[in-house]
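The values are calculated or read from the model by the stated rules, or taken from the named source; none is laboratory data. All values derive from a computational prediction rather than experimental measurement. Every residue, glycine among them, receives a Cβ derived from its backbone with ideal geometry; neighbour counts consider all protein chains shown. Heads up: the accessible areas ignore ligands, DNA and RNA and are worked out on the full protein's heavy atoms, side chains in. Shrake-Rupley method; radii C 1.70, N 1.55, O 1.52, S 1.80 Å.
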Amino acid sequence: MGNHGCLEMYAANKVCFEHFATIKAMEYVNAIILREYYRNQDADALAVVAENVRYLSIGINNLIAHYDPEVIVLNSSLYREIPEMIALLQDSLHSHFAKKVILRNSHLQEKVTLLGGLVLNLQHFLAIEQVRFTETNS
């Protein structure tokens, strides 16, 4: 987990799950469990989701202000299970520049780090500038 003041300390999935587990006196919470409570309009689940969106929007607003990206891709099981969180997050981006930024969740899931590392190695060590992966079901 990140350092004090680090976005990860406030907006990581793990933080949401642990916070919700504490509120509900549960031993374990994951994205599917939180999704079910959210779908049932549980006040605590709604509050945890809103808190995550609020913190993540602060971080994303800062990224936009500093780097002016065209696309921001999240890789979150929580945002995959509750896809409407993307719209909530987009609505929380108040910068004029944020309105043109495409915000979406990655479909790569757990493979994202592996594929990112692979692309960096191909680019830096083999001088392959453009890498394209085709999607397979395996």
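Between LEU115, LEU89, LEU103, LEU122, which is touching a helix residue (DSSP H, G or I) at 6+ places or on another chain (Cβ under 9 Å), free of Cβ contacts under 8 Å to residues at least 40 places away in the same chain and surrounded by 11 or more Cβ atoms within 10 Å (Cβ to Cβ)?
LEU89
Whether any residue in segment 20-29 is surrounded by 19 or more Cβ atoms within 10 Å (Cβ to Cβ), farther than 27 Å from GLY116 by Cβ and of a type in the set (Gly, Ala, Ser) is what I want to check. Spell out the reasoning first.
Of segment 20-29, the ones surrounded by 19 or more Cβ atoms within 10 Å (Cβ to Cβ) are 20, 29.
Next, from what is left, pick out any that are farther than 27 Å from GLY116 by Cβ: 20, 29.
Narrowing the set further to residues that are of a type in the set (Gly, Ala, Ser) leaves none.
The answer is no, given that none of the residues of segment 20-29 is surrounded by 19 or more Cβ atoms within 10 Å (Cβ to Cβ), farther than 27 Å from GLY116 by Cβ and of a type in the set (Gly, Ala, Ser).
If you check VAL71 against the conditions, is it open to solvent by less than 60 Å² (accessible area, probe 1.4 Å) and either closer than 27 Å to LYS111 by Cβ or not polar (S, T, N, Q) (or both)?
Criteria not met by VAL71.
If a residue has to be surrounded by fewer than 17 Cβ atoms within 10 Å (Cβ to Cβ) and either touching a Ser or Thr at 6+ places or on another chain (Cβ under 7 Å) or in contact (Cβ under 8 Å) with a residue 60 or more places away in the chain (or both) to count, how many in segment 32-58 make the cut?
Matching residues across segment 32-58 total 1.
Among the helices (runs of 4 or more DSSP H) confined wholly to segment 21-128, which include 1 or more residues that are among the aromatic types (Phe, Trp, Tyr) and within 16 Å of the chain's Cα centre (by Cα)?
43-67, 77-81
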